[in-house]
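First comes the structure, then the notes that go with it.
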Amino acid sequence: MLVAGNWKMFKGPQETVSFLESFEAPAGVEIVVCPPFTSLAAAVGRGLAVYAQNVHWAAEGAFTGEISAPMLLELGVDGAIVGHSERRQLFGETDETVRLRCEAALDAGLRVIACVGETETEREAGETDAVLRRQVAAIPRHDALVIAYEPVWAIGTGKTATPELAQEAHETIKELHDTRVLYGGSVKPDNAAALMTQPAVDGALVGGASLDPDSFAEICRAAVS
Ligand code: PGA
């Protein structure tokens, strides 16, 4: 089981250090934290795997505001999230840029959590399967890559996919891509165990509930079984 905390645009270096000082990591689960870029250096070397929330496909160049894989590796960062729905919806990320980012990160030696998931409109229109097929097709096959299934309607909304619905989507993804699949979207201490006991659910990508060390630790404990 792998549990990753996506802190989004929360926690500067000081809050990062206080989180990691009070977080009690259980044994028997792979734990990752994904702080904002400016907090990565503060997070590295404190016993947990550290991933960035995005990574550019070029090693360097005229790409104002972007960060490359070699830059992350130089800091001691272990991996990166790629293609989060907030990047896709708010910052113009496409299947093609997701592919480029994944390939460059993996080639450079980073691990990757590649995100897929349908919007509410797509689900209601019966397009979930087609959307997952299209998004998964853009994701490279690699030992250092896992996929996160995050239905967009469940992110930050408190609406969690039922364990059965998550299981169904994970089965679809696993038929297309032989990899571990994490579930993400309003994972909380009280629903984590039910989601992670589904056979095709290999862990969780946690947003809001990963910001508090106690609630994140509780979710990590739910993954140990
Ligand atoms: P959430 O976010 O747990 O706050 O719904 C999940 C994510 O966006 O990765």
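List of remarks:
- Those residues of the range 103-140 which are outside any helix (DSSP H, G or I), farther than 22 Å from residue 53 by Cβ and open to solvent by less than 70 Å² (accessible area, probe 1.4 Å), in sequence order: 125, 126
- The condition (being within 29 Å of residue 132 (Cβ to Cβ) and buried (at least 18 other Cβ atoms within 10 Å of the Cβ)) is satisfied by just one residue among 5, 92: 5.
- In summary, residue 153 fulfils each of the numbered conditions (1) within 16 Å of the ligand (Cβ to nearest atom); (2) modelled with pLDDT under 95; (3) assigned to a loop (DSSP other than H, G, I, E, B) with the single exception of condition (3).
- Search result, residues across the range 82-119 that are among the small types (Gly, Ala, Ser), within 15 Å of the chain's Cα centre (by Cα) and away from the ligand (no atom under 16 Å from the Cβ): 105
This table checks each residue for (1) within 30 Å of residue 193 (Cβ to Cβ); (2) among the hydroxyl-bearing types (Ser, Thr, Tyr); (3) open to solvent by less than 40 Å² (accessible area, probe 1.4 Å).
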site: 15; (1), (2), (3): yes, no, no
site: 22; (1), (2), (3): yes, yes, no
site: 41; (1), (2), (3): no, no, no
site: 46; (1), (2), (3): yes, no, no
site: 59; (1), (2), (3): no, no, no
site: 63; (1), (2), (3): no, no, no
site: 68; (1), (2), (3): no, yes, yes
site: 81; (1), (2), (3): yes, no, yes
site: 100; (1), (2), (3): no, no, no
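- Candidate set: the range 183-207, residues that are within 10 Å of the ligand (Cβ to nearest atom) and in contact with a Lys or Arg (Cβ under 8 Å, 6 or more places away or on another chain); chosen: the one nearest to residue 165 (Cα to Cα): 185
- Against the test of being polar (S, T, N, Q) and open to solvent by less than 20 Å² (accessible area, probe 1.4 Å), the options 210, 225, 215 yield a single qualifying residue, 210.
- Residue-level check: of (1) away from the ligand (no atom under 14 Å from the Cβ); (2) closer than 28 Å to residue 22 by Cα, residue 160 misses just (1).
- Pair list, Cβ < 6 Å and 6+ apart or interchain, from the range 63-90 residues that are under 23 Å from residue 2 (Cα atoms) and part of a loop (DSSP other than H, G, I, E, B) to residues that are open to solvent by 70 Å² or more (accessible area, probe 1.4 Å) and basic (Lys, Arg): 78/111
- With respect to (1) at pLDDT below 95; (2) polar (S, T, N, Q); (3) under 18 Å from residue 54 (Cβ atoms), the lone exception for residue 162 is condition (3).
- Scanning the range 124-150 for residues that are of a type in the set (Ser, Thr, Tyr) and within 16 Å of the ligand (Cβ to nearest atom) yields a single hit, 149.
- Tally of residues being over 21 Å from residue 89 (Cβ atoms) and either open to solvent by 30 Å² or more (accessible area, probe 1.4 Å) or in contact with a Leu (Cβ under 7 Å, 6 or more places away or on another chain) (or both) across the range 166-190: 12
The values are calculated or read from the model by the stated rules, or taken from the named source; none is laboratory data. What you see is a predicted model, and the numbers here were worked out from it, not measured in a lab. Every residue, glycine among them, receives a Cβ derived from its backbone with ideal geometry; neighbour counts consider all protein chains shown. The protein model used for the area step is the full one, side chains on, heavy atoms only, and it has no ligands, DNA or RNA in it. Shrake-Rupley method; radii C 1.70, N 1.55, O 1.52, S 1.80 Å.
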